[in-house]
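Reading through the structure tokens given below for one structure.
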Amino acid sequence: MPTQRTVTIIAILGLLAFILGQAATLHVHPFERRAEARTVTVQDLPTAETLPKDDGEARILDAIAQAREGQRFANVSDDDGRLLRQLTEAINAQHVVELGTSTGESGLWFSLALRKTGGRLHTFDIDPDRLAVARENFRKAGVADLITIHEGDAHVEAPKLTEPIDLLFLDAEKEGYDAYLRELLPRVRPGGLILAHNMRRPTPNPRYLEAITSDPNLDTSFLLMDGAGMGLTLKKR
Ligand SMILES: C[S@@+](CC[C@H](N)C(=O)[O-])C[C@H]1O[C@@H](n2cnc3c(N)ncnc32)[C@H](O)[C@@H]1O
């Protein structure tokens, strides 16, 4: 029979083991604790944020923040915009073409990359009022010299460009995406990218989806599908 003293020692040792175990778990980052338990979801991840590397970048990020306080229309989210910048900078794009300027938010994201690659953005919109706001946003951000604004129907105006396109961003009227692809794919250089906004919401154009997933010359992924959704299509070399 264990004596009263033995029982007390065992209880104290048990309590100590419990306290040490709890202390050890306190050193595990909350994210690791959650990740052990199940598959990680987007909500488990730390918020990705673009931190300004220099004054020029800080000025552009400020302009984006200010633009977001105005009318948003269906402009890109921060996650979408960050992806535009990352891909533009990664492929060292010199010639970026955007259909659907709106008030210039996506253009500002492109400019974060273009000031480093030495490239240009040609951006098209049919709405002069939105373009006036975009022009002012580009001026505030100090990037007006990186961007050429074209006013008019992008189906008519964009095919007038003659330079090879490194990155084409489709973000004008959704029902026109398949026509834009037909009109501009020949201008995209081999190894160039076609990005298409709104592959999840609003409902994507089925003819465009068919075109980018059934052509052996193209290779497509769908990204950021927890938001508006982005199609990323490589024109194979
Ligand atoms: C969703 S907004 C673009 C958002 C912008 N890319 C951004 O993220 O900041 C779509 C724009 O396409 C423009 N648009 C619609 N049809 C067009 C056309 N046929 N040609 C040029 N622009 C057009 C609209 O005026 C609108 O400003």
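The values are calculated or read from the model by the stated rules, or taken from the named source; none is laboratory data. Because the structure is predicted, anything quoted here is derived from the model rather than measured. Counting neighbours? That spans all protein chains shown, and the Cβs are built from the backbone with ideal geometry, glycine included.
A few notes on this one:
- Matching residues, the range 60-77, being farther than 25 Å from Lys174 by Cα and surrounded by 16 or more Cβ atoms within 10 Å (Cβ to Cβ): Ile60, Leu61, Ala63
- Only helices (runs of 4 or more DSSP H) whose full extent lies in the range 96-169 are considered here, and the ones with at least 3 residues that are more than 25 Å from Leu181 (Cβ to Cβ) are 105-117, 128-141.
- A Cβ distance below 8 Å, combined with a sequence gap of six or more or placement on separate chains, defines the contacts here; from the range 152-165, residues that are within 13 Å of the ligand (Cβ to nearest atom) reach residues that are part of a helix (DSSP H, G or I) and aromatic (Phe, Trp, Tyr) in the pairs Ala154/Tyr180; His155/Tyr180; Ala158/Tyr180.
- Arg135, sole failed condition from (1) modelled with pLDDT under 95; (2) more than 10 Å from the ligand (Cβ to nearest atom): (1)
- Asp153 falls short of the stated requirement of being closer than 21 Å to Glu105 by Cβ and either out of contact with any Asp or Glu (no Cβ under 9 Å at 6 or more places or on another chain) or surrounded by fewer than 21 Cβ atoms within 10 Å (Cβ to Cβ) (or both).
- Filter result for Asp80 (closer than 21 Å to Lys174 by Cα, in contact with a helix residue (DSSP H, G or I) (Cβ under 7 Å, 6 or more places away or on another chain) and within 10 Å of the ligand (Cβ to nearest atom)): no
- Residues located in the range 109-130, provided they are among the aliphatic types (A, V, I, L, M) and within 8 Å of the ligand (Cβ to nearest atom): Ile126
- Top-ranked residue of the range 83-108 - restricted to ones that are out of contact with any strand residue (DSSP E or B) (no Cβ under 7 Å at 6 or more places or on another chain) and hydrophobic (A, V, I, L, M, F, W, C), ranked as nearest to the ligand (Cβ to nearest atom): Leu108
- Phe73 vs. criteria at pLDDT below 95 and aromatic (Phe, Trp, Tyr): yes
- Residue under evaluation Arg68, criteria (1) of a type outside the set (Phe, Trp, Tyr); (2) away from the ligand (no atom under 13 Å from the Cβ); (3) more than 15 Å from Asp166 (Cβ to Cβ), criterion not met: (2)
- Among residues of the range 184-201 that are on the phi > 0 side of the Ramachandran plot, those with a beta-carbon under 6 Å from a residue that is away from the ligand (no atom under 12 Å from the Cβ) at least six positions away or on a different chain give the pairs Gly191/Arg237.
- Of all residues in the range 171-205, those being surrounded by fewer than 13 Cβ atoms within 10 Å (Cβ to Cβ) and in contact with an Asp or Glu (Cβ under 9 Å, 6 or more places away or on another chain) number 1.
- Qualifying residue in the range 180-197 (condition: more than 14 Å from Val97 (Cβ to Cβ) and in a loop (DSSP other than H, G, I, E, B)): no
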